[in-house]
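*Asks:* Here it is: the structure, laid out below.
The values are calculated or read from the model by the stated rules, or taken from the named source; none is laboratory data. Because the structure is predicted, anything quoted here is derived from the model rather than measured. Cβ: placed from backbone, ideal geometry, glycine included. Neighbour counts: every protein chain shown.
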Amino acid sequence: MAALSIPALHASHAGSWLREGSGTTRPVSKGEAVTAAADTPLLILNAPLVATRLGYPDLSGLDLLELFAFVHPARFVVPTAKGLAHALGLDEPKGDADVPKLLQEAAGALLETCESDQWAEREGAWTGLQSLVRMRWPWANLLGAHIRKPERAERWLFTRLPEWEETPELPQPRQIVLEGDAVLRRLAELTGSNAEQRPTQQAYAAEAAYAFAPREARGRPHVVLAQAGTGIGKTLGYLAPASLWAQESGGTVWVSTYTKALQRQLRKESRRAWPEYRPDGSQPVVVRKGRENYLCLLNLEDALQGGFAGRAAIMAQLVARWAAYSQDGDMIGGDLPGWLGTLFRQRGITALTDRRGECVYAGCPHFRKCFIERATRASVGADLVIGNHALVMINAARGRDQAARPTRVVFDEGHHVFDAADSTFAAALTGAEAIELRRWVIGPEKNARGRRRGLSARLADVASYDEAGAKAITAACAAAESLPGDSWMQRIVDGAPSGPLEELFAAARATVYARDESGGQEAGYGLETEAAGLDGAFVERAEAAREALSELRQPLMRLGLRLEALLEDGPDWLDGPGRARIEGARQSLGWRIDLLSAWETMLARLSGPADPEYVDWLAVDRSDAREYDIGIHRHWLDPMKPFASVVLEPAHGVVMTSATLRDGEGWEKAIKRSGVPYIEVTPKLSEHLSPFDYAEQAEVLIVNDIPRGDIPALAGAYGRLIEASGGGVLGLFTAIRRLRAVHGRIADRLARGGLPLYAQHVDPIDTGTLVDIFRDDPAASLLGTDALRDGVDVPGHSLRLVVMEQVPWPRPTILHRARRLAGGGSSYDDGLIRAKLAQAFGRLIRSKGDRGHFVVLSSAFPSRLLSAFPKGTPVHRISLEEALHRVAASVSGETVKDGNHARPPV
């Protein structure tokens, strides 16, 4: 293998290095690096990240990640020099100075692959390359010399994708009772004959089986609330009864998660119980996500045929390469590299998904190949469907046929069900939501790019055949003109709102600012105020807006009735695909009509007495002092009430499980937050402690000499702790502003010591990829916010120290204040804080071999919160110097003295 003799550039917080084509590597200043990059295309790895390191936003060149995405689409690689070396079987660079050489070797290896007869992803490469040549992709000409023209014309992507097939309606599952011995035998099959016996896992599996027993009364599901500490093996614990029930009953079990990381883990673990494919080619296990996660083939076709320009067009070509080899077309958390979108410094990835509900269903030429439709149909006959909390709730709420409504559900990461229900059953009339509805009805603005999405275009054949339907479409389009249009926010800021909705948002904005008591201190954050005590002028604007929404809802309802009539007694030309398209349009109409009804109800109640079941408020959303949305919000005071009605009551069996399901103080709050009191069901309570020896494996260190609000002291503490640990630190922050300030003060110094530091909201890398990088490098550390507190599974030496900047006090929002008042005041807050602490601590010890420290930089950590940590975990209130000593001793293997006793380091 010959290295590519093109100059290569590498930049990190520790410095920059340039390797000439002749093979000489030398350190260079940022200025020299920028000049070299501007003069000629250089080999680089992750251009946006290198640009950030150099402070040169316009950096471009021959990015090895783009080349990898072309040569090996849908193949995983950690986007670092080390990760690239491992993926290509090359020697790992020993330091930053060796990275440019690796880039030259990696480029040579990838180009050599293109010449090999064993290149698995050859099909479509030559055709795609011709398009990339025309787009002047930096790699195109180099690749042209290594990819031979095929003897026969390559098939177009859209002809290569397989078609899904219709599936027959399934009978109801058989009513069976799972015997305890059978469940344990299935568990033994899943864990394997060589696995250690885990009595707690066996007890957990046996108790989870209770949820699969025949229901005794309508509206009374069997509910299991199961707390299973880390290391119990709860995934296989509930898959044992779930797989046995699915096999013997012929029914479908849904497993719902909160994070995409757990979905990936579940897909892998499910292979122990089910093969990837049945003999007939169908899938027994299907992963389901919302429509906005999947590639829309019609959007991709538009992008490939001129809908995207410049760099975005290149990205579309790389996505097309991926689509041909993707397992399921999942663009968000699937096998599309998470870093691909960030390489193009824009939201082009999301533009290729169905985020605005513009799907034309059977009217789409790619309908029979659609990834979304394939997953939907595959789930009907599956034994196991892996979804997420929001999707399960939406399916339960909107499921018009029994096959789409989950009746046996396992909610893993069950401590997040409350939050998911809070989002699912809330209502928000905002400018952003209203303008999306306008575009769905009318279509995009006159000069907007992309295909037409308005009702008139989508249902043109219906309008030409059915006069009443045509009139309804015309009336709806006219009524939608009252919704906010492009530049709505600027008109409001300028004091010139147009239409009843914009006038309402202008009034909401004025009210929020008038009531603001922050004195301008919260310039970087959104503002809100209660939707109470509103004056007559505001109420009049709300009523005018409500009437405008009603005028839109009515023709949409008439159109829905006309579509139903067409389906019942359609014309001769209405074939199967046409009926499917109309049915899809009817469903889209249905949920938008429901949305309008919710908005109308919310506005109507602004003039009356407050409803104790809801919390209403006005908000101006801002980011870095820039306003980007205005709205009126309504949340249930207790979202588990609608959850109980929509999800629990129709179900037959439900398991809610988590390592942190119940509060450290008891089961009372967990039962309340499950929703079961609303359906008068007594849940089966199951608790199994972690098998880990926390007294020996972990310590909690509460550092009491870092003044709150002292950013230099906070940054100094983080830097010294990372140095003492030698990396492997997960730093959790409650505010992005403090995270950025700390990162900016310590990243360069740490990098010069061989300790790379990555951070959410700083590095142009998606969260999932940041975790992949952190997991892959034991010397790396990662700073982040709430997204890293859950779903991060980094067992082993890569994570040995978790640092929280302070006690995670709840943000004092209007919604939180109302729930705090209803939930017991400070005890409500304490429960939330303990849950966050327990979840964060859970990142530290993931296996029996893990050792580590959990540090909270708090000068006044309340003792009542200590029950968040597992029993037996040593807790020390100490100074930063003492904490540094304990962390360093753990790394070096020294014995640490506790008072009059000596104990081995964790």
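*Asks:* For segment 699-713, give me each residue that is closer than 21 Å to GLY852 by Cβ and either modelled with pLDDT under 95 or surrounded by fewer than 23 Cβ atoms within 10 Å (Cβ to Cβ) (or both).
*Replies:* ILE702, ASN704, ILE706 - these are the residues of segment 699-713 that are closer than 21 Å to GLY852 by Cβ and either modelled with pLDDT under 95 or surrounded by fewer than 23 Cβ atoms within 10 Å (Cβ to Cβ) (or both).
*Asks:* Keeping to segment 457-474, report how many residues are buried (at least 18 other Cβ atoms within 10 Å of the Cβ) and within 22 Å of LEU549 (Cα to Cα). So that I can check it myself, show each step before the final result.
*Replies:* Taking segment 457-474 as the starting set, the residues that turn out to be buried (at least 18 other Cβ atoms within 10 Å of the Cβ) are 458-459, 462-463, 466, 469-470, 472-473.
Among the residues that remain, those that are also within 22 Å of LEU549 (Cα to Cα) are: 458-459, 469-470, 472-473.
Qualifying residue count for the region: 6.
*Asks:* With the requirement that a residue be hydrophobic (A, V, I, L, M, F, W, C) and under 16 Å from TRP156 (Cβ atoms), what does segment 296-330 give you?
*Replies:* The answer is LEU297, LEU298, LEU300, ALA303, LEU304, ALA316, VAL319, ALA320, TRP322, ALA323, ALA324.
*Asks:* I've got another one for you. With VAL771, VAL762 as the choices, which residue is farther than 21 Å from LEU857 by Cα, hydrophobic (A, V, I, L, M, F, W, C) and not in a helix (DSSP H, G or I)?
*Replies:* VAL762
*Asks:* May I pose another question? Restricting the first residue to segment 730-746 and requiring it to be in contact (Cβ under 8 Å) with a residue 24 or more places away in the chain, which pairs with a second residue that is in a loop (DSSP other than H, G, I, E, B) and hydroxyl-bearing (Ser, Thr, Tyr) meet a Cβ separation below 7 Å and a spacing of at least six or different chains?
*Replies:* Short answer, once both residue conditions are applied: PHE733/THR785; ILE736/THR785; LEU739/THR785.
*Asks:* For segment 332-347, does any single residue satisfy the condition of being closer than 13 Å to GLY290 by Cβ, out of contact with any Gly (no Cβ under 9 Å at 6 or more places or on another chain) and either assigned to a helix (DSSP H, G or I) or not assigned by TED's automatic domain parsing to the domain that holds PHE308 (or both)?
*Replies:* Scanning segment 332-347 turns up no residue that is closer than 13 Å to GLY290 by Cβ, out of contact with any Gly (no Cβ under 9 Å at 6 or more places or on another chain) and either assigned to a helix (DSSP H, G or I) or not assigned by TED's automatic domain parsing to the domain that holds PHE308 (or both).
*Asks:* Among the numbered criteria (1) under 25 Å from LEU799 (Cα atoms); (2) surrounded by fewer than 19 Cβ atoms within 10 Å (Cβ to Cβ), which one does TYR678 miss?
*Replies:* The number of the failed condition is (1).
*Asks:* Just to be sure I understand the filter: pairs with C-beta atoms under 6 Å, separated by 6 or more residues or on different chains, first member in segment 332-345 and of a type in the set (A, V, I, L, M, F, W, C), second member assigned to a loop (DSSP other than H, G, I, E, B). Which pairs pass?
*Replies:* TRP339/PRO79
*Asks:* Considering only residues that are under 29 Å from SER645 (Cβ atoms) and either outside the structural domain of PRO650 (by TED's automatic domain parsing) or of a type in the set (Val, Ile, Thr) (or both), which ones fall in segment 198-234?
*Replies:* Of everything in segment 198-234, those that are under 29 Å from SER645 (Cβ atoms) and either outside the structural domain of PRO650 (by TED's automatic domain parsing) or of a type in the set (Val, Ile, Thr) (or both) turn out to be VAL223, VAL224.
To keep it simple, each residue is scored yes or no on (1) outside the structural domain of LEU336 (by TED's automatic domain parsing); (2) buried (at least 16 other Cβ atoms within 10 Å of the Cβ); (3) assigned to a loop (DSSP other than H, G, I, E, B); (4) among the acidic types (Asp, Glu).
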| position | (1), (2), (3), (4) |
| --- | --- |
| LEU67 | yes, yes, no, no |
| VAL78 | yes, yes, yes, no |
| ALA85 | yes, yes, no, no |
| LEU90 | yes, yes, yes, no |
| ARG122 | yes, yes, yes, no |
| ASN141 | yes, no, no, no |
| PRO150 | yes, no, yes, no |
| GLU163 | yes, no, yes, yes |
| THR167 | yes, no, yes, no |
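*Asks:* Anything in segment 134-167 that is touching a residue at least 60 places away in the same chain (Cβ under 8 Å) and hydroxyl-bearing (Ser, Thr, Tyr)? List them, or say none. Write out each step before concluding.
*Replies:* So in segment 134-167, the residues touching a residue at least 60 places away in the same chain (Cβ under 8 Å) come out as 135, 137-139, 142-143, 157-158, 160-167.
THR167 - this is the single residue of segment 134-167 that is touching a residue at least 60 places away in the same chain (Cβ under 8 Å) and hydroxyl-bearing (Ser, Thr, Tyr).
*Asks:* Just need a number here: residues in segment 844-869 that are crowded, with 22+ Cβ neighbours inside 10 Å, under 14 Å from PHE692 (Cα atoms) and in contact with a Leu (Cβ under 8 Å, 6 or more places away or on another chain).
*Replies:* Result for segment 844-869: 2.
*Asks:* Of these, VAL224, VAL253, which one is closer than 30 Å to LYS369 by Cβ, under 28 Å from the mean Cα position of the chain (by Cα) and surrounded by 18 or more Cβ atoms within 10 Å (Cβ to Cβ)?
*Replies:* Going through VAL224, VAL253 in turn, the sole match is VAL253.
Here's the yes/no breakdown for (1) in contact with an Asp or Glu (Cβ under 6 Å, 6 or more places away or on another chain); (2) at pLDDT below 90:
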site	(1), (2)
PHE841	no, no
PHE854	no, no
LEU857	yes, no
PHE869	no, no
HIS876	no, no
HIS885	no, no
LYS897	no, yes
HIS901	no, yes
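*Asks:* Pick from PRO778, PRO795, PRO764, PRO756: which is in contact (Cβ under 8 Å) with a residue 40 or more places away in the chain, buried (at least 21 other Cβ atoms within 10 Å of the Cβ) and not assigned by TED's automatic domain parsing to the domain that holds THR529?
*Replies:* PRO756
*Asks:* Restricting to segment 198-213, name every residue that is over 11 Å from GLY237 (Cβ atoms) and either buried (at least 19 other Cβ atoms within 10 Å of the Cβ) or touching a helix residue (DSSP H, G or I) at 6+ places or on another chain (Cβ under 9 Å) (or both). Before you say what the answer is, go through the steps one by one.
*Replies:* First, the residues of segment 198-213 that are over 11 Å from GLY237 (Cβ atoms): 199, 210-213.
Correct list: TYR210, ALA211, PHE212.
*Asks:* I need the strands (runs of 3 or more DSSP E) fully contained in segment 646-707, keeping only those with at least 2 residues that are under 21 Å from ARG218 (Cα atoms) and in contact (Cβ under 8 Å) with a residue 60 or more places away in the chain.
*Replies:* Where strands (runs of 3 or more DSSP E) fall fully within segment 646-707 and carry at least 2 residues being under 21 Å from ARG218 (Cα atoms) and in contact (Cβ under 8 Å) with a residue 60 or more places away in the chain, they are 653-658.
*Asks:* Being out of contact with any Gly (no Cβ under 9 Å at 6 or more places or on another chain) and either outside the structural domain of LEU391 (by TED's automatic domain parsing) or polar (S, T, N, Q) (or both) narrows it down to one of GLN265, GLN327, GLN317, GLN283, so name that one. Spell out how you get there, then give the answer.
*Replies:* Numbers: GLN327 fails: out of contact with any Gly (no Cβ under 9 Å at 6 or more places or on another chain); GLN317 fails: out of contact with any Gly (no Cβ under 9 Å at 6 or more places or on another chain); GLN283 fails: out of contact with any Gly (no Cβ under 9 Å at 6 or more places or on another chain).
Criteria check complete, one pass: GLN265.
*Asks:* Identify, please: which residue in segment 1-47 is crowded, with 20+ Cβ neighbours inside 10 Å and in a helix (DSSP H, G or I) and is, among those, modelled with the lowest pLDDT?
*Replies:* Once the filter is applied, the top-ranked residue is ALA37.
*Asks:* Can we say GLY590 is touching a residue at least 60 places away in the same chain (Cβ under 8 Å), out of contact with any strand residue (DSSP E or B) (no Cβ under 7 Å at 6 or more places or on another chain) and not aromatic (Phe, Trp, Tyr)?
*Replies:* Criteria met by GLY590.
*Asks:* Here are LEU559, LEU574, LEU549: which of them is in contact (Cβ under 8 Å) with a residue 60 or more places away in the chain and either in the same structural domain as ALA598 (by TED's automatic domain parsing) or within 30 Å of VAL512 (Cα to Cα) (or both)?
*Replies:* So the residue among LEU559, LEU574, LEU549 that is in contact (Cβ under 8 Å) with a residue 60 or more places away in the chain and either in the same structural domain as ALA598 (by TED's automatic domain parsing) or within 30 Å of VAL512 (Cα to Cα) (or both) is LEU559.
*Asks:* Go through segment 48-65 residue by residue and tally those that are assigned to a helix (DSSP H, G or I) and of a type in the set (Ser, Thr, Tyr). Give the steps one after another, and end with the answer.
*Replies:* So in segment 48-65, the residues assigned to a helix (DSSP H, G or I) come out as 48-54, 64-65.
Going one step further and asking which of them are of a type in the set (Ser, Thr, Tyr), we end up with 52.
Matching residues across segment 48-65 total 1.
*Asks:* Can you spot a residue in segment 774-781 that is outside any helix (DSSP H, G or I) and not small (Gly, Ala, Ser)?
*Replies:* yes
*Asks:* Between residues in segment 120-132 that are in contact (Cβ under 8 Å) with a residue 12 or more places away in the chain and residues that are of a type in the set (Ser, Thr, Tyr), which pairs lie under 7 Å by C-beta distance while being six or more apart or on different chains?
*Replies:* Partner pairs satisfying both residue conditions: GLU121/TYR325.
*Asks:* Take the residues of segment 271-295 that are surrounded by fewer than 22 Cβ atoms within 10 Å (Cβ to Cβ) and among the hydrophobic types (A, V, I, L, M, F, W, C): which is nearest to PHE158 (Cα to Cα)?
*Replies:* Checked segment 271-295; the qualifying residue nearest to PHE158 (Cα to Cα) is TRP274.
*Asks:* Taking segment 475-505 only, how many residues are touching a residue at least 24 places away in the same chain (Cβ under 8 Å) and either of a type in the set (Gly, Ala, Ser) or surrounded by fewer than 16 Cβ atoms within 10 Å (Cβ to Cβ) (or both)?
*Replies:* Total meeting the criteria: 10.
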